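A short reminder: the numbers here are calculations on the coordinates, not readings from a lab. Keep in mind it's a predicted model, so treat the numbers as computed, not measured. Glycine gets a Cβ as well: all are built from the backbone with ideal geometry, and neighbour counts include every protein chain shown.
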Amino acid sequence: MEVTVKLFATLRDFLPKNSDGKSCRVEIDENTTIKQIITQLKLPEEIPKIILVNGLNGSIDQTLKDGDVLSIFPPVAGG
Amino acid sequence: MSLASFHQLQGDKPSKILKLNSLGNQVMSGDNHVMFTDEEKTRYNRQIILSGWGEEGQKKVKQATVFIAGAGGLGSPVAIYLAAAGVGRLRICDFGEPELSNLNRQVLHDEEDIGKNKALSAKESIAKINPHIKVENLSDKIERENIAHLVGDAHIIVDCMDNFPTRHILNEYAVKAELPFVHAGVFGMSGQITFIHTPETPCLYCIFPGSPPSEVFPIVGATAGVIGTLEALEVLKYLTGKGSLLKNRMLYWDGELMMFQEITLPKDPKCIVCGNKR
């Protein structure tokens, strides 16, 4: 199955090269957690993140289903 | 502790007690003794004629004290627009000095200010923008030990910092003193902003427990202009009671794609900063 992953701000640098610059599609197995997707995309674990699944707040241990849209926001720290 | 009782502890006059507006937001109540000169009425006319602002709103703005934490990329537009709007007293805190590499975004400062304290430079710039308001320049580094002294009797804290550890110090104090706290951050061509006022909203630690690593971050000056201007607007909305504040939601702005995205923010009932203050 396949999910769409949207990355924002500094995290966009971690999108695969063939992406549209905003999001990418990721093939996953059943019971794949958001944490596993974060690891697969090599997003830095130490950065706290806001996670949305289909626009609703999600958690790192949540599993995804086919067609889900996962959005991940980092804290933007400059000032 | 309510903000009103906080002010009473600080020895403030009761005229600063808050009330609720039609949207349920806390707003400063006006003080009928505040008067405007003809010059001030002319200066602020374009906002006084705004529906829901009026002279009553302008009085609240004039009575207000705002603590601006940082006089850099975000602090510049925040201070400039709050000064221009007639906020009576700005407490601007920054221990740094303007550097040449700051001048692409820190529009309060120019080449002649290099080597001065940023808060002092800010005060001098603002005196030219609006001589009717008072600026208190503070050159201290913000720490847990001095935050209460630095914020003083300010009615609201504006986050114009460039790092999360200091933001968490501001957040902890805002939670403790029940002060509203406008949080924002910028990077490159993107930024985020939310209006924090516990216990009604989550605190910054509910949203981002921990800190991303400090780094030299890329930034286009206009990005700080966009997000800092939004912060100034939230402060003015809070003071006048006009409009609906960015409570319980984070606004992300992506300038590369020119898109805004809003995220609903839940409270963390186990938050170590605000979790027991519900």
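For segment B:165-259, dividing the convex hull volume of the Cα atoms by the residue count gives 103 Å³ per residue. Near B:Val135, once Lys and Arg are set to +1 and Asp and Glu to -1 for all other residues with Cβ below 13 Å from its Cβ, the sum equals +3. Peptide B:183-190 shows a mean partner chain C-beta count of 5 within 10 Å per residue C-beta. Each peptide in A:2-11, B:35-44, B:97-106 receives the mean, over its residues, of other Cβ atoms within 10 Å, and ordering these scores from highest gives A:2-11, B:97-106, B:35-44.
Charge dipole of chain B (Cα centre as origin; +1 on each Lys and Arg Cβ, -1 on each Asp and Glu Cβ, all else neutral): 1020 debye, rounded to the nearest 20. Convex hull volume per residue, computed on the Cα atoms of segment B:115-193, equals 130 Å³. Think of each Lys and Arg Cβ as +1 and each Asp and Glu Cβ as -1; about the Cα centre, that makes the dipole of the protein assembly as shown roughly 1020 debye.
With 23 Å as the limit on Cα-Cα distance, the pairs of A:Lys49/B:Lys270; A:Lys49/B:Lys237; B:Lys59/B:Lys176; A:Lys6/B:Lys270 that go past it are A:Lys49/B:Lys237; B:Lys59/B:Lys176; A:Lys6/B:Lys270.
Of all lysines in the structure, the ones whose alpha carbon falls short of 18 Å from that of B:Lys116, not counting any fewer than 8 places away in one chain, are B:Lys128, B:Lys141. Pairwise Cα separations in chain B fall into 5 Å bins from 0 onward with the following percentages, short to long: 1, 6, 13, 17, 20, 18, 13, 8, 3, 1, 0. Here the alpha carbons of segment A:2-73 define both size measures, Rg and Dmax, at 10.9, 29 Å. Between the residues B:Ser101, B:Val175, B:Ala127, the greatest Cα displacement towards the positive end of the dipole of segment B:3-264, with unit charges on the Cβ of Lys, Arg, Asp and Glu, is found for B:Val175. Sorted on the mean count of surrounding Cβ atoms within 10 Å across their residues, most packed first, peptides B:139-145, B:216-222 read B:216-222, B:139-145.
Partner shielding of B:208-215 amounts to 5, given as the average count of beta-carbon atoms from other chains within 10 Å of each residue beta-carbon. Taking the Cα centre of chain A as origin and assigning +1 to Lys and Arg Cβ atoms and -1 to Asp and Glu Cβ atoms, the resulting dipole is close to 320 debye. Its convex hull of Cα atoms gives the protein assembly as shown a direction-averaged projected area, equal to a quarter of the hull surface, of 18.5 nm². Averaged over the residues of A:65-75, the number of partner chain Cβ atoms lying within 10 Å of the residue Cβ comes to 3. Among A:Pro44, A:Thr63, A:Thr10, which residue has its Cα positioned farthest towards the positive end of the charge dipole of chain A, with +1 placed on the Cβ of Lys and Arg, -1 on the Cβ of Asp and Glu, and the dipole taken about the Cα centre? Checking the options against the dipole of chain A, the answer is A:Thr10.
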